[in-house]
Amino acid sequence: MGKILEINGPLVKLQLPETVIGEQVRVGRIGLVGEVIGRDGDTALAQLYEDTSGLKPGEVAEGLGWPLSVELGPGLLNAIFDGVQRPLNAVREKSGDRMARGVSVPSLPRDRLWHFIPDPRRRNATQVDGGDTLGSVQETESIVHRILTPPLIHGELLDLAPEGDYTVEEVLGRVKLADGSIEKLRLFHRWPVRIPRPFKQRDHAVKPLITGQRILDTFYPLLKGGKAAIPGPFGAGKTMLQQQIARWCNAEIVIYVGCGERGNELTDVLEFMPELKDPHTGRPLMERTLLVANTSNMPVVAREASIYVGITLAEYFRDQGYDVVMVADSTSRWAEALREVAGRLGQMPVEEGYPAYLGSRLAAFYERAGRVETLSGDHGSVTLIGAVSPPGGDFSEPVTSHTKEIIQTFWALSKELADARHYPSVDWLESFSGYVPSAAKWWAENVDPGWEAARAQALDLLAASEELQRIVNLVGVEALSSEQRWTLEAAGLIKEGLLQQSATDEIDSYASPEKQFALLSALLEIFRHGMRLVKLGAPARRLIQMPLMAQARRWKSQHKSEDMDALKAKIARIPAEFESVAMDYEQPSSPIPAPRGEATTHAERRAAPRD
Amino acid sequence: MKNIEFRTAVSAQGGLLVMGGVAGVSAGSRVSLKDHAGNLRNGLVIRSSDDAVLVEVFEGTDDLDLERTWVRFLDEPFKLPVSRDILGRVFNGAGLPRDGRPPIISGDRRDVNGEPLNPAARAYPREFIQTGISAIDGMNSLTRGQKLPIFSGGGLPHNRVAAQIVRQAKLLGDASSEFVVVFAAFGTSHADARFFQESFEESGVINKVVMFLNLADEPVIERLLTPRAALTAAEYLAYDLDYHVLVVMTDMTAYAEALREVAVLRGDVPARKGYPGYLYSDLAEIYERAGRIKNRSGSITMIPVLSMPSDDITHPIPDLTGYITEGQIVLGRELFNQGVYPPVTVLPSLSRLMKDGVGKNFTREDHPHVASQLFASYAKALEVRGLAAIIGAEELSDSDRRYLEFAQGFERRFIGQGEDEDRSVYETLNLAWDLLSMLPPESLIRVSEDELAKYHKGSA
Ligand SMILES: Nc1ncnc2c1ncn2[C@@H]1O[C@H](COP(=O)(O)OP(=O)(O)OP(=O)(O)O)[C@@H](O)[C@H]1O
Ligand SMILES: [Mg+2]
């Protein structure tokens, strides 16, 4: 037993000999939990996961003998935990609407029975190794929870329980370890969150994570097992984009970590997830989702832990052979929690108050993403998507700039786009993806061989239009040639008809890869037809006024992904739409178009609308 | 310990007092301090060990005579006595009466720091509040339980806008949906406080208002307590008495500056512009107290006002606020100088809860699309205006000229309105269509074709 020497915000100095850094401690009469972050002789410095007010010097403190760990087993899905894996619904039952301090509730329900089916491979096995599947539990309708041998266990399997209903604490089997000791196996095991779970080896990520968001999938793809960041100023749409990914992506498990953000955003997820169906399995989305929530008004130290709790849960499902996506909103709040603790420890700040190890901590965290061959020879992946909240929206600040060096896919959100309510406000020039070649293979095999070329052409158009827009802003649109005006118009068409995709649009909230490609190629087809006519002398102004141009901008919101036939029928009429215009320019009898800026041609006059 | 007076002050500087020789003082405990003149001051223990206890003194430590300073540790956090009688009362920043009336006597005393709400206990806010202001209702609507700050600047009419919201706010089609108001002012002038007081009196709500005032010339550190005391009162009214509470707090910039002052004294590592790294978490403790709770009928809707230093929205105070609140109403100097009231700059304004509180079952089916279209068209119109400034309006195409007119009409007729003008949301939407009808229907692709046919005045 030790005692409290000093209380300073979330930090307490303890007299606690023989503790080690990282050990969990319980402190004070009300039993607040925390972890040791520094030692000096017989004294230890600990940070507590809960508010320290009311603690007094002299009160008791004890080391618990283990580092911050999570419970891994059935009962995780469908749940919401706080930053140190306390189940928030159970906490609420126990202590009411507010987070009372010192409440301890086990992470996984102790009284619930799970139907366990032993794995046939274990029937006559004498030897088990860490990561081997002992059996399975159907946790939700869509997810089979595989019960794994804890990673570091190797030995002789003495016995294993038969099929039946068990609580997580009942002993299912026993393993005799090399040193002769007996290890009991249960439906769950614990794992320390700051240590990555082991696997056999890293695999190449090969398949894109389909999110149903065109600017992501079609333009800046992410692979299953990849790492992505979403930086953007406040209100730009980071949370919405992450929620869209959590809803629609084709991962099997989604872990949503709300780290230092708003309480209502988690309520939002809790309310909509059970109502929405997974477009890939048809089951309620909540069945594959779990939430870790440390909101901005909850204690800072647990915020730092929440990210590690989330990633460990992700790795655990990866080890069962699943493709897992973890979204973290926001990694900046985690970094700030790190900064706060470093400040209190008196560590030298380097940039904007952050400690020197910020970059390496970030890198080590993102390194836990990846596609791997698991210990049991399966394949699973963890895809990591972190929101970044740069102060003042300035991407040169430390968290954004370090993150940018680590990740492969960068979805940069723009304030200008968000101000004009162009969502998702992903900036098509500043964003990048290092995964395009791998994604291209998948698109070529599964959707269309022309994907890569079409994507590149659209991006070229967007880049060209940016240049042209600069000219327009200086001297007006009249200074552009017809070809340039048409380019500008086509880029506008792509922005509005393709890139812009409202999360609140019932039809367009999710777009299948087929719909994405159909729209992309259709809009490019419009561009090409128009360009041909412009080259034949048709004035861009006339083309811009074709009803098709307004219609094509609406297609995305008129046809669901399941309704491809109707969309394709509209697309098939594109050539005909241009045909009527083409007649005026292709036939030898048609008048030679007048040069730009002079009297309008016959054709133009006929088409001229109200103005 | 509560009754022992210690006279063991070791040092005092800029609001922080170090006490020696007191063992076992609880962290966060309230401190009562009697100075040489016999005046009482309030403080809070921010660091405690058996060797030294660090106390933050709200009224400052400037003229303390250490030899003649008596300190009592009350062994409990700062608490506010609450009862029904707080309605109609005026308190100082620490919750003591400043209206000359007797203190609130109640056995129910609440820790002003509150406890964080369990995220699983929140109910998502969805009820549209009509403020009668088009720029808000039409494009950045307020929801019951939302925290929606007003970002303003020196000399801009944020007080008038806030007062107008307080006067006009109601739920659609529910006349009984009145709010009680908790008003907290810190670091504001006497004139500003009086403006609100008179405005509440004029509109006859004064008996449903609780005020907490810490004015510009009053103790700075007490400002750290003022919003917390006010929110404790609000929580009591909302969750014990089932009221819908509208909390107006001004000026959050003064609060953040007070926090910085104390942080510097404590030697905390600064993050940006000298503000401590925990400014975000500290502000969040305040703002996140807005909201709704499952199975409770009351609510807390929060309208904090803050002035952006040098009108800079990237300054840490508006920036961190924007990262916590559910949107922001931004007032702009340009519109103000053109005589537009309320000068709401709509593009950087945002209401994050609007998407779930307007539309078919809440206001009118076209509302979300109309709002989105107004944003898109106005953004485009501003581009055109920028272009016109360079090449001259005569050089613009016909279509661009229409945008120019649209911008003008939008600012004058839609954003601009009277300080007593209380527009229904339907009036606001109809006005929006009047303006959108200045633009060709084929350029309005954020509204549906059906909506165009129904509402666009130029559609045949
Ligand atoms: N994809 C989208 N579709 C429709 N609306 C969107 C989309 N993205 C953002 N929005 C709108 O923008 C608002 C702000 O988005 P969001 O809350 O995601 O911003 P954020 O970047 O997470 O901000 P913060 O950093 O403050 O948390 C949303 O409430 C919504 O109204
Ligand atoms: Mg967000």
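Throughout, read-outs are computed from the coordinates displayed, never taken from laboratory work. Bear in mind that the values here come from a model prediction, so they are computed numbers and not experimental data. Virtual Cβ from ideal backbone geometry, glycine too; neighbours counted across all protein chains shown.
When the charge dipole of chain A is built from unit charges on Cβ atoms (+1 for Lys and Arg, -1 for Asp and Glu) and taken about the Cα centre, the candidate among A:Leu223, A:Thr409, A:Leu519 whose Cα reaches farthest toward its positive end is A:Leu519.
The Cα-based radius of gyration and maximum Cα-Cα distance (Dmax) for segment B:104-257 are 15.7, 45 Å.
Over 21 Å between C-alpha atoms is what I'm after, so list which of A:Lys227/A:Lys415; A:Lys227/A:Lys556; B:Lys170/B:Lys355; B:Lys360/B:Lys454; A:Lys560/B:Lys380; A:Lys570/B:Lys355 land there.
On the way: A:Lys227/A:Lys415 23 Å; A:Lys227/A:Lys556 28 Å; B:Lys170/B:Lys355 19 Å; B:Lys360/B:Lys454 15 Å; A:Lys560/B:Lys380 29 Å; A:Lys570/B:Lys355 30 Å.
With Cα atoms farther than 21 Å apart: A:Lys227/A:Lys415; A:Lys227/A:Lys556; A:Lys560/B:Lys380; A:Lys570/B:Lys355.
Quick one: helix A:574-586 against the long Cα principal axis of chain A, what's the angle to the nearest 10°, folded into 0 to 90? The helix A:574-586 is inclined about 30 degrees to chain A. Scanning residues 5 or more positions from A:Asp82 or on other chains, those with amide H under 5 Å from its amide H are A:Leu88, A:Ala293, with H placed 1.01 Å from N in the peptide plane.
Based on every Cα atom in segment B:175-220, Rg and the maximum pairwise Cα distance Dmax equal 12.0, 41 Å. For segment A:2-67, the alpha carbon positions stretch 26, 20, 17 Å along the principal axes, listed from largest to smallest. Computed from backbone phi with θ = phi - 60° and the Karplus coefficients 6.51, -1.76 and 1.60, the 3J(HN,Hα) list for segment B:334-341 is 4, 5, 4, 5, 7, x, 7, 10 Hz; x is used for glycine and proline. About its Cα centre, segment A:114-192 has a charge dipole of approximately 160 debye under the convention of +1 per Lys or Arg Cβ and -1 per Asp or Glu Cβ, with nothing else charged.
Count the DSSP beta bridges whose two residues both fall in chain B, then state the antiparallel fraction as a percent rounded to the nearest 5. If you can, show how the numbers build up before the last one.
Working: 41 of 71 bridges.
Once the DSSP bridges in chain B are tallied, antiparallel ones form about 60 percent.
For the protein assembly as shown, the ratio of Cα radius of gyration to the globular rule of thumb 2.2 N^0.38 Å stands at 1.00. Could you tell me the center-to-center distance, by alpha carbons, between segment B:1-19 and segment B:72-91 in angstrom? Value for the Cα centre distance between the two parts: 23 Å. Shown here is the pair-distance distribution of segment B:80-354: with all Cα-Cα distances grouped in 5 Å bins from zero up to the longest one, the shares run 1, 6, 13, 18, 20, 18, 13, 7, 2, 0, 0 percent.
If you add up the charges near A:Pro208, with Lys and Arg at +1 and Asp and Glu at -1, over every other residue whose beta carbon is less than 10 angstrom from its beta carbon, what do you get?
Values: positive: A:Lys207, A:Lys224, A:Lys441; negative: A:Asp217.
With Lys, Arg at +1 and Asp, Glu at -1, the net is +2.
Taking all Cα-Cα distances within segment A:114-192, those exceeding 19 Å account for 29%. With the charge dipole of the protein assembly as shown set up from +1 on Lys and Arg Cβ and -1 on Asp and Glu Cβ about the Cα centre, the Cα lying farthest toward the positive end among the listed residues A:Leu148, A:Gln501, A:Ala418 is that of A:Leu148. Based on Cα atoms of segment A:203-446, Rg over Rh with Rh as the Kirkwood radius reads 0.95.
Once backbone amide H atoms are built at 1.01 Å from N, A:Ile210 has A:Asn250 as its partners under 5 Å, excluding neighbours fewer than 5 places away on the same chain.
For the pair segment B:331-401 and segment A:98-158, the centres of their Cα atoms are 56 angstrom apart.
Of all beta bridges DSSP finds with both residues in the protein assembly as shown, what is the antiparallel percent, to the nearest 5? Can you show the working numbers first?
Numbers: 113 of 171 bridges.
Roughly 65 percent of the beta bridges in the protein assembly as shown run antiparallel, per DSSP.
Dividing the convex hull volume of the alpha-carbon atoms in segment A:27-133 by its residue count gives 167 Å³ per residue.
Would you mind calculating the gained length between B:Lys294 and B:Tyr426 on full extension (0.36 nm times residue separation, minus the Cα-Cα distance), in nm to one decimal? Please report the intermediate quantities before stating the final value.
Working: separation 132, 0.36 × 132 = 47.52 nm, distance 3.04 nm.
The span from B:Lys294 to B:Tyr426 would gain 44.5 nm if fully extended.
Mind checking the angle between helix B:252-266 and chain B's longest principal axis? C-alpha axes, 0 to 90 degrees, to the nearest 10. Relative to chain B, helix B:252-266 is tipped by roughly 40 degrees. With each label modelled as a point 7 angstrom along the Cα→C-beta vector, the A:Ala363-A:Phe272 pair spans 3.7 nm. Please determine, in degrees from 0 to 90 and to the nearest 10, the orientation of helix A:263-272 with respect to the longest principal axis defined by the Cα atoms of chain A, where the helix direction is its Cα long axis. Tilt of helix A:263-272: around 70 degrees.
The alpha-carbon atoms of segment B:122-174 define a convex hull whose volume equals 92 cubic angstrom per residue.
Calculate, in whole percent, how much of the Cα-Cα pair population of segment B:367-455 lies beyond 23 Å. Don't skip to the end; give the middle numbers.
Values: 995 of 3916 pairs.
For segment B:367-455, the share of Cα pairs beyond 23 Å comes to 25 percent.
With a 10 Å Cβ neighbour count serving as the proxy for reagent exposure, in which order, fewest first, do A:Leu157, A:Leu216 appear? Display every interim value, and only then the final one.
On the way: A:Leu157 21, A:Leu216 29.
Listing A:Leu157, A:Leu216 from fewest to most nearby Cβ atoms yields A:Leu157, A:Leu216.
Within a straight-line Cα-Cα reach of under 16 Å, A:Lys94 can be paired with the following aspartates and glutamates, leaving aside sequence neighbours fewer than 8 residues apart in one chain: A:Asp82, A:Asp111, B:Glu115.
Shown here for segment B:35-137: GluC sites (Glu not before Pro) in loop regions (DSSP other than H, G, I, E, B) with at most 15 other Cβ atoms within 10 Å, of which there are none.
Only the Cβ atoms of Lys and Arg (+1) and of Asp and Glu (-1) were treated as charged; on that basis the dipole of segment B:367-455 about its Cα centre amounts to roughly 160 debye. Sequence neighbours fewer than 8 away in the same chain don't count; with that in mind, list the lysines whose C-alpha is under 17 Å from A:Lys176. In chain and number order, the partners are A:Lys184. Rg/Rh for chain B stands at 1.04; both radii use Cα atoms, and Rh follows the Kirkwood definition.
The shape of segment A:152-213 can be summarised by an equivalent ellipsoid whose semi-axes, obtained from the alpha carbon gyration tensor, come to 32, 18, 12 Å from longest to shortest.
What is the projected area of the convex hull of the Cα atoms of segment A:451-603, averaged over all directions, in nm²? Don't skip to the end; give the middle numbers.
Values: hull surface 38.7 nm².
Computing the convex hull of the Cα atoms and averaging its projections yields 9.7 nm².
Couplings 3J(HN,Hα) of segment B:59-74, computed from phi: 7, x, 10, 3, 10, 6, 9, 4, 5, 10, 10, 10, 10, 10, 9, 7 Hz, in residue order, whole Hz [Karplus 6.51 cos²θ - 1.76 cosθ + 1.60, θ = phi - 60°; x for Gly and Pro].
What is the magnitude of the charge dipole of segment B:5-76 about its Cα centre, with +1 placed on the Cβ of each Lys and Arg, -1 on the Cβ of each Asp and Glu, and no other charges, expressed in debye to the nearest 20? Let's see the in-between values first.
On the way: 7 positive and 12 negative charges, 22 e Å.
Using only the charged Cβ atoms, the result is roughly 100 debye.
Here's the picture: charge each Lys and Arg Cβ at +1 and each Asp and Glu Cβ at -1 in the protein assembly as shown, and of A:Ala456, B:Ser281, A:Val309 the one pushed furthest to the positive end of that dipole is A:Val309.
Rg and Dmax, both from the Cα atoms of segment A:394-471 and both in Å, are 15.0, 41.
If you scale each eigenvalue of the Cα gyration tensor by 5 and take the root, what three semi-axes come out for chain A, rounded to whole angstrom and sorted largest first? Mind dumping the intermediate values first?
Details: eigenvalues 597, 163, 72 Å².
Equivalent ellipsoid semi-axes, largest first: 55, 29, 19 Å.
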